[in-house]
1. Is segment 27-36 home to any residue that is farther than 25 Å from Asn4 by Cβ and under 13 Å from the mean Cα position of the chain (by Cα)?
2. Which of the residues that make up segment 48-64 are under 19 Å from Ala8 (Cα atoms) and surrounded by 11 or more Cβ atoms within 10 Å (Cβ to Cβ)?
3. Any chance segment 29-52 includes a residue that's without any contact (Cβ under 8 Å) to a residue 12 or more places away in the chain, in contact with a Phe, Trp or Tyr (Cβ under 8 Å, 6 or more places away or on another chain) and not hydrophobic (A, V, I, L, M, F, W, C)?
4. Just for segment 5-23: of the residues that are assigned to a helix (DSSP H, G or I) and of a type in the set (S, T, N, Q), which one is surrounded by the fewest Cβ atoms within 10 Å (Cβ to Cβ)?
5. On the given criteria, is Glu55 over 14 Å from the mean Cα position of the chain (by Cα) and among the charged types (D, E, K, R)?
6. Out of the residues in segment 48-69 that are outside any helix (DSSP H, G or I) and of a type in the set (D, E, K, R), state the one that is farthest from Leu21 (Cα to Cα).
7. Considering only segment 31-47, state which residues are assigned to a helix (DSSP H, G or I), surrounded by fewer than 15 Cβ atoms within 10 Å (Cβ to Cβ) and small (Gly, Ala, Ser).
8. Can you tell me which residue within segment 14-46, out of those that are aliphatic (A, V, I, L, M) and more than 19 Å from Ala62 (Cβ to Cβ), is modelled with the lowest pLDDT?
Amino acid sequence: MNLNLRSAIISNVTGNTQEQLEDTIVDAISNGEEKMLPGLGVLFEVIWQNSSQNEKEEMLRALENGLKK
């Protein structure tokens, strides 16, 4: 991913409230557009970098469970 894209995405959501961030995430997921995936990836990167080891393990369990068939 281009570093400028990452910076632009972070700049666009910096200062947003939790409600605004949730709206952004829900909108990106519900639209299902491929062009939204990089933005969600950047948001996940921020979440990951700011999570404790326990929170990371919980996210990984949720991801693993969500991907089970």
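1. Within segment 27-36, not a single residue is farther than 25 Å from Asn4 by Cβ and under 13 Å from the mean Cα position of the chain (by Cα).
2. Trp48 - this is the single residue of segment 48-64 that is under 19 Å from Ala8 (Cα atoms) and surrounded by 11 or more Cβ atoms within 10 Å (Cβ to Cβ).
3. no
4. Checking each candidate, the answer is Gln18.
5. yes
6. Lys69
7. Gly41, the sole residue that qualifies.
8. Ranking the candidates gives Met36 first.
The values are calculated or read from the model by the stated rules, or taken from the named source; none is laboratory data. From a predicted model like this one, the values you see are computed outputs, not experimental measurements. Glycine also receives a Cβ, built like all others from the backbone with ideal geometry; neighbour counts cover every protein chain displayed.
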